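Reading through the structure tokens given below for one structure.
Each value in this text was obtained by applying a stated rule to the coordinates, not by laboratory testing. Small disclaimer: the values here were computed from a predicted structure and weren't measured. No Cβ is skipped: glycine too gets one built from the backbone with ideal geometry, and neighbour counts run over all protein chains shown.
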Amino acid sequence: MITTADLTKVYRVRGRDVVALDGVDLHVREGEVYGVVGTSGAGKSTLIRCVNMLERPTSGTVTVDGQELTRLAGRGPRAGRELRAARRRIGMVFQHFNLLASRTVRENVELPLEIIGLDRTDRRRKAAELLDLVGLTDKAAAYPAQLSGGQKQRVGIARALAGDPKVLLSDEATSALDPETTRSILALLRDLGRELGLTVLLITHEMDVIKSVCDSAALMRHGKVVESGRLSDLLATPGSELARELFPLGDLPTGGSPAATVLEITFQGDTAAQPFISQLARTYHVDLNILGAAVETIGGRQVGRMRVELPGSFEDNVVPVGYLREQGLQVDVAERPATGPRTEEAA
Ligand code: ADP
């Protein structure tokens, strides 16, 4: 639904080039909630602004719903009209809501409908529908200053939905909100996505946002996507940085027995229901020591992680490790370097 190919954006700042996007390939499937995460300055905002052409990419292509937007940009009046029409099908939700203080909630939602050219009766009807969708019918006549942060963002979402978009872009929509309001806004985005068949691309610096609503995610650093995919696939990818951050097991204590092997086992879906630890202990007569375990819901699926210690070196444990992998479990061997924890896949 959204594809970027070799997308680059270079800003010229006081005679110097700042590379904000450096060859970004992104593929967002229809109907999914896709999160882009990364620290400040990674290029997330630039990416989202390039997707709806608020920012003109330096090179590369952006395709939304089968239409290559980069081909339309700046190509005469007809292409300009097509680009404007395409952009109406892309809703955008902003971190700081961007509401007009002098307009009521209903009038804020009506604004994009005016621009589309709807008459007064249709605007009223559509705005009422949208406010109902976001649960704000009783605030239609209120002004933004009379609303809580969460309510303001609901207005922002209603306004973003005015053009019946197929794609919703969210630029840190919850980072100005408290945790509880964040949860309710994220749930609203996810539910609206399902109800209206929207594809949602959101950017965030918070792993919790990815964890609670996203189906897929990409990690950005220095203008590049360094990892991307469905959360379930990432969790099953050895050495995945996103998986580790989504599901931290805490630091591995230094020291411990040098003659022991520490495994980090990830299980999800069907494998979560298997009593694999007791089977392993029984079948191979191994005395396992459980160092830590956690179960969470990530992308709507139960995922568990467990850190266990087995006596003997990795070579001594090749057979039990093979057994665990045969059960469909993701098994990483944790090293204990002097400088801190690091997980590496076994050879
Ligand atoms: P993020 O959203 O991940 O914090 P940004 O996309 O805002 O990252 O920024 C990526 C890089 O591009 C940064 O180095 C930033 O300073 C630079 N940048 C962003 N917007 C502009 C701009 N309008 N002019 C010049 N440099 C910019």
By what distance, in whole Å, do the Cα atoms of the stretch 1-53 stretch along each of the three principal axes, largest value first?
42, 21, 16
For the chain, set up a Gaussian network in which alpha carbons nearer than 10 Å are linked by springs, and say which option among 248, 77, 144 fluctuates the most.
77
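For residue 191 and residue 114, FRET efficiency with R0 = 30 Å and r from the beta-carbon atoms, rounded to 0.05? Walk me through the intermediate numbers first.
Numbers: r = 27 Å, r/R0 = 0.91.
Approximately 0.65, to the nearest 0.05.
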Take the alpha carbon atoms of the stretch 138-258, find their radius of gyration, then divide it by 2.2 N^0.38 Å using N residues; give the quotient.
1.32
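For the stretch 117-191, how big is Rg over Rh, using alpha carbon atoms and the Kirkwood form of Rh?
On the Cα set of the stretch 117-191, Rg over Rh gives 0.97.
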For the stretch 1-92, state the average projected area of the convex hull of the C-alpha atoms over all orientations, rounded to one decimal in nm².
6.5
Listed residues 27, 222, 58: farthest to the positive end of the dipole of the chain (Cβ charges):
58
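State, as an integer percentage, the relative contact order of the chain based on alpha-carbon contacts under 8 Å between residues 6 or more apart.
Once divided by the residue count of the chain, the mean separation gives 17 percent.
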With axes computed from alpha carbons, what is the tilt in degrees of helix 149-160 against the longest principal axis of the chain, rounded to the nearest 10 within 0 to 90?
70
So, relative contact order of the stretch 93-211 in percent, Cα under 8 Å, 6 or more apart, is 32
Along principal axes, largest first, the alpha-carbon spread of the chain in whole Å comes out as 77, 50, 34
If we count every other residue with Cβ under 9 angstrom of residue 37's Cβ, Lys/Arg +1 and Asp/Glu -1, where does the sum land?
-1
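Less than 14 Å Cβ to Cβ from residue 202, Lys/Arg counted +1 and Asp/Glu -1: what total charge do the surrounding residues give? Each step should come with its number before you reach the end.
Values: positive: 44, 49, 190, 211; negative: 32, 171, 172, 206, 208, 215.
Summing Lys and Arg as +1 and Asp and Glu as -1 gives -2.
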Just to be sure I understand the curve: with the Debye formula and one point per C-alpha of the stretch 209-308, what is log10 I(q)/I(0) at q = 0.16, 0.17, 0.21, 0.22 Å⁻¹?
-0.78, -0.85, -1.13, -1.19
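In deg cm²/dmol, rounded to 500, what helix-only [θ] at 222 nm does the chain give when every DSSP H run of at least 4 residues adds -39500 (n - 2.57) and the total is split over its residues?
Values: 12 runs with 117 residues, N = 347.
Calculated mean residue ellipticity at 222 nm is -10000 deg cm²/dmol.
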Given the convex hull of the Cα atoms of the stretch 190-259, what is a quarter of its surface area in nm²?
6.7
